[in-house]
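I'd like to ask some things about the structure below.
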Number of protein chains: 4
Amino acid sequence: MTNEHSFKKLGDEIGDFVSERDWDQFHSPKNLAISLSIECAEILEIFQWLTLDQSESSDHVNFQHLQDEIGDVMIYLTTLAKKFNIDPIEAALKKMEINRQKYPVELVKGKSDKYSNYK
Amino acid sequence: MTNEHSFKKLGDEIGDFVSERDWDQFHSPKNLAISLSIECAEILEIFQWLTLDQSESSDHVNFQHLQDEIGDVMIYLTTLAKKFNIDPIEAALKKMEINRQKYPVELVKGKSDKYSNYK
Amino acid sequence: MTNEHSFKKLGDEIGDFVSERDWDQFHSPKNLAISLSIECAEILEIFQWLTLDQSESSDHVNFQHLQDEIGDVMIYLTTLAKKFNIDPIEAALKKMEINRQKYPVELVKGKSDKYSNYK
Amino acid sequence: MTNEHSFKKLGDEIGDFVSERDWDQFHSPKNLAISLSIECAEILEIFQWLTLDQSESSDHVNFQHLQDEIGDVMIYLTTLAKKFNIDPIEAALKKMEINRQKYPVELVKGKSDKYSNYK
C-alpha cells in the first residue's frame, strides 16, 4: 500500500526514467495531455462492450490489464502535474472541497444530474 | 505536499462524499472509466490551440483551471481503482518497472517512436 | 437528407468559414485531432450516467444537443480528412471491406470480443 | 469521390454488416459513443509525439493508417447518428450556421480564443 514514500518515489522514478532516455524534449504539457487522453481511452476500451453490471466483475475485467492501464494514467498525470508543480493528490483534495459545495447533499442525493441543474 | 496521510485521506473523503450523496449506484466501473475520459478531455481543452512551447508557459495556461482538472482526473482514477482494490501509485510504480524493460535506454534514447518499433 | 451536393457543400462551407476567420493557422492536423477528441468527449458526456437502455431513449437524450455535437465531430473529421485529401465517407467504405474480412460472420456472430481474439 | 450514392451506401453497408453479425445487441448509443471516443484516441495517437509542423507532413504521418482510423470514426459516427435518425452531414451543415453566429468574423479573425470570450 501507498506509504509516505510512495508518491515521492514515483515522481523521482519518472524523473530518472525520462532524463536517462532524453525524452524531456517530447514532454511538453500539450503532448502529455494528449498522452493522458490516449491512456484513458485504453482504460475505456477494457469496458467498451460490457454491461454496467459486467464491468463490476472480475469474470469480465482482466485485473492485470486494468492495473497496467491505471498505472499508465497515473504516470502521465504525475508527469504533467509536476511540470506546473501541482501535486495530483493535493489537487484532488482541494477539488473535493469545491465539489462538496457544488453538490450539496440535500439537493443531489440519489440524483446524477449535472451540478449545473441545481444552480 | 503529499505526506503519508494524503492518499489514504483522499480515498476516505471520496468514500464519504459518494455515500452521503447515495451516488455509488451510478459508479459502475464502466461509468467511472467514461468520466475519467471526459475529465481528461477537459485537461486537453486547456492546451487545445496552444503551440507546444506556449503549453509550457503560465502566460498561456491558467494554473487554477489546470489544478482543478488534474484534481478531477485524480478523483475519478482513485474511485475507479478502489473498485478493484488497485492503488494507482503502486500501479504506476509497477508499470515503471515494465516500461524500463520495454524501452531500454540504449535503444530509445532521444527517440519518441513507440516501443513496438524496437521489438 | 444528404444528397449529391451535401458533402461537397460541407467541405466548401468549412473552407470559407476558416479562411474568413484566418483560422487555418491553428488547424494543424495535430490540433484538429485534439479537437476531434474533445468533441467526442462531449458526445460521451450526454450518455455519461445513463444505463445502456436509457441511452436508447429520447426521454433521456436531448436530441438537439446530440445533433449539435454530432455536427461538431463531423466538422472536425471533415476538416482533418481534407488536409490529407481523404474523403471520410470513402474511407469508411474502404474500412468496411477490411472489417468484413477481420470479422467473418461464422466466427463472430453474436459475440463482441475484439477481432484479435479470432486471429 | 463521394457522390449521391456514397453516404446512403455507407448506412446500408453498416446496417447489413451489423445485422449479419447480430451485433445490434451491443450497439446501445452509450456503447457507440464510447467506441467513437476510443477511435478518436487512435487518430490522436498518430500525432502524439509530432510537432505541429510535422503533423502536416506525409513524412511523419502514415496515410494508410490515418485513412483507416478516419474510416473507423466515420463508421461509428454514422452508426450512432442513425439510432436517432440524425444525418451527420446535415447535422454539420446546421452546426456551421450556429458557428457562423457564435464566431462573427469581425470579432474572432486571427484569434483562437474560445467563443465564450466574445460573448
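A short reminder: the numbers here are calculations on the coordinates, not readings from a lab. Quantities reported herein were computed from a predicted structural model and do not represent experimental measurements. So basically every Cβ, Gly included, is an ideal-geometry build from the backbone, and we count neighbours across all protein chains shown.
Just need log10 I(q)/I(0) for the protein assembly as shown at q = 0.06, 0.10, 0.12 Å⁻¹, Debye formula, equal scatterers on the alpha-carbon atoms, no solvent, rounded to two decimals.
Log10 I(q)/I(0), no solvent term: -0.26, -0.77, -1.14.
Based on DSSP H runs of at least 4 residues, each adding -39500 (n - 2.57), what is the mean residue ellipticity at 222 nm of chain C after dividing by all its residues, to the nearest 500 deg cm²/dmol?
-20500 deg cm²/dmol
If each residue's Cβ is checked for other Cβ atoms within 10 Å, how do D:MET74, D:MET96 rank with the fewest at the top?
With the fewest neighbours first, D:MET74, D:MET96 line up as D:MET96, D:MET74.
On to the next question. Only Cα pairs under 8 Å and at least 6 apart count here; give the relative contact order of chain B as a rounded whole percent. Intermediate values should be presented prior to the final figure.
Working: 45 pairs, mean separation 29.5, N = 119.
Over chain B, the number comes to 25 percent.
Distance from the Cα centre of region C:48-69 to that of region B:43-67, in angstrom?
Going from one Cα centre to the other spans 31 Å.
As a quick test, which of the pairs A:LYS30/D:LYS9; B:LYS9/B:LYS109; A:LYS30/B:LYS8; C:LYS83/D:LYS111 have an alpha carbon distance above 27 angstrom in this structure?
Numbers: A:LYS30/D:LYS9 39 Å; B:LYS9/B:LYS109 39 Å; A:LYS30/B:LYS8 30 Å; C:LYS83/D:LYS111 21 Å.
Among A:LYS30/D:LYS9; B:LYS9/B:LYS109; A:LYS30/B:LYS8; C:LYS83/D:LYS111, the Cα-Cα distance tops 27 Å for A:LYS30/D:LYS9; B:LYS9/B:LYS109; A:LYS30/B:LYS8.
Once you average over the residues of B:11-23, how many Cβ atoms of partner chains fall within 10 Å of each Cβ?
Across B:11-23, the average partner-chain Cβ count within 10 Å equals 4.
Find how much the distance from B:ASP22 to B:ARG100 grows on full extension, using 0.36 nm per residue of separation minus their present alpha carbon separation; answer in nm with one decimal. Before the final figure, lay out each step's value.
Values: separation 78, 0.36 × 78 = 28.08 nm, distance 4.19 nm.
Working it through step by step, the gained length comes to 23.9 nm.
For chain A, compute Rg over Rh where Rg is the Cα radius of gyration and Rh is the Kirkwood radius from the inverse mean 1/r over Cα pairs.
Working: Rg = 17.8 Å, Rh = 17.2 Å.
Result: Rg/Rh = 1.04.
Partner chain Cβ atoms within 10 Å, averaged over the residues of A:59-65 - can you pull that number for me?
If you average over the peptide's residues, the count of other-chain Cβ atoms is 1.
Here is a follow-up. Given the options D:ASP16, D:ASP53, D:ASP24, which has the most mean-square fluctuation in a GNM of chain D, springs set between C-alpha atoms less than 10 angstrom apart?
D:ASP53
Below 11 angstrom from the Cβ of C:LEU52, what's the summed charge of the other residues (Lys, Arg +1; Asp, Glu -1)?
Charge balance near C:LEU52 sits at -1.
Enumerate the residues in region B:19-54 having an amide nitrogen under 19 Å from the point lying 7 Å beyond the Cα of A:PHE84 toward its Cβ.
What the label zone holds, given the 19 Å backbone N cut-off, is B:36-54.
Going by C-beta contacts inside 10 Å, put D:SER35, C:SER19, A:SER112 in order with the fewest on the left. Intermediate values should be presented prior to the final figure.
Details: D:SER35 24, C:SER19 10, A:SER112 14.
Sorted ascending by nearby Cβ count, the order is C:SER19, A:SER112, D:SER35.
Compute the angle between helix B:63-83 and the longest alpha-carbon principal axis of chain B, please, reported from 0 to 90 degrees and rounded to the nearest 10.
With both axes taken from Cα atoms, the answer is about 70 degrees.
Right, here's the next one. Between C:GLU97 and the same site in the other copies, what are the distances in nm, shortest first, taking label points 7 Å from Cα along the C-beta direction?
Computed spacing set for this position: 3.7, 4.8, 6.1 nm.
What is the fewest-to-most order of C:VAL73, C:VAL18, A:VAL61 by other Cβ atoms lying within 10 Å of their Cβ?
The most exposed by this proxy come first: C:VAL18, A:VAL61, C:VAL73.
What net charge do the residues around D:VAL18 carry, taking every other residue with its C-beta under 12 Å from that of D:VAL18, with Lys and Arg at +1 and Asp and Glu at -1?
Summing Lys/Arg as +1 and Asp/Glu as -1 gives -1.
To the nearest whole number, what is the average tally of beta carbon atoms from other chains within 10 Å of the beta carbons of peptide D:79-88?
5
One decimal, nm, shortest first: give the distances between the label point of A:ASP16 and those of the same position in the other copies, each label point 7 Å from Cα along Cα→Cβ.
3.7, 5.9, 6.1
Let me ask another. I want the local charge near D:LEU32. Using Cβ-Cβ distances under 10 Å, sum +1 for each Lys or Arg and -1 for each Asp or Glu among the other residues.
On the way: positive: D:LYS30, D:LYS82, D:LYS83; negative: none.
Combined, the nearby Lys, Arg, Asp and Glu give +3.
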